[in-house]
1. If the Cβ limit is 6 Å and pairs must be 6+ apart or interchain, which residue in segment 217-239 that is within 18 Å of residue 185 (Cα to Cα) pairs with which residue that is modelled with pLDDT under 95 and assigned to a helix (DSSP H, G or I)?
2. Out of segment 215-239, which residues are assigned to a loop (DSSP other than H, G, I, E, B) and under 19 Å from the mean Cα position of the chain (by Cα)?
3. Looking only at residues that are under 11 Å from the mean Cα position of the chain (by Cα) and touching a residue at least 60 places away in the same chain (Cβ under 8 Å) in segment 111-135, which one is surrounded by the fewest Cβ atoms within 10 Å (Cβ to Cβ)?
4. Look at residue 64 and say whether it is surrounded by fewer than 18 Cβ atoms within 10 Å (Cβ to Cβ), at pLDDT below 95, more than 12 Å from the chain's Cα centre (by Cα) and under 22 Å from residue 150 (Cβ atoms).
5. Any idea how many residues of segment 178-200 are farther than 28 Å from residue 106 by Cα and surrounded by fewer than 19 Cβ atoms within 10 Å (Cβ to Cβ)?
6. Quick one: residue 200 ticks every box in (1) in contact with a helix residue (DSSP H, G or I) (Cβ under 8 Å, 6 or more places away or on another chain); (2) part of a helix (DSSP H, G or I); (3) in contact (Cβ under 8 Å) with a residue 40 or more places away in the chain bar one, so which box is it?
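The values are calculated or read from the model by the stated rules, or taken from the named source; none is laboratory data. Here the structure is a predicted model, which means the values were calculated and not measured. Quick reminder, even Gly has a Cβ in these numbers, built from the backbone with ideal geometry, and neighbours come from all protein chains shown.
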């Protein structure tokens, strides 16, 4: 595969290619913003905002939870609540806990570059976590903790009502699918989940934080990203 030049500066292109994988192909087509459907869309957004506020209250009312008791802040989600794309990470870390926003620091920078490579921007999608509190010492959540918070994650998905879900990492995979397999065995395959009689397609891939630690796997993430881009095209999503 040969590289295609983008309209960005050469320094930005080199930085992006080197940070992900040498064979990325960039889409020259400009990003399109969503077209809102007037009053109907406003009412829909107000409903989502109210439901998200209720969900936050439910999560904050959890009792006897080691995750909640040792965390400083609940991180639910941010971005475009009307987006057809929902990204779900594993759990907040130190930077997210400080800012109250999803995917910050080095992992956030890498995520933005990954999304940019398939013509997406983070503020045009909606991003969240499988676990809403930072685990002590950034440890991996237990299966019991993942199961507890999966109830709220599934409700969160139903509220946002995306057309495509991208799961980053094993915790997000286990939370939505109930499977605790290795991400390398499950990644890159489109699956479906039914929530409240609606079917949602989702795909599993490596988390940005994992890719920072194990950069050799970026080539597999690029294959997954191409499948995500094709799904967006197939579904004719306006994003």
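1. Pairs found: none.
2. The answer is 235, 237, 238, 239.
3. 125
4. yes
5. Total satisfying the criteria: 10.
6. Here residue 200 meets the rest and fails (2).
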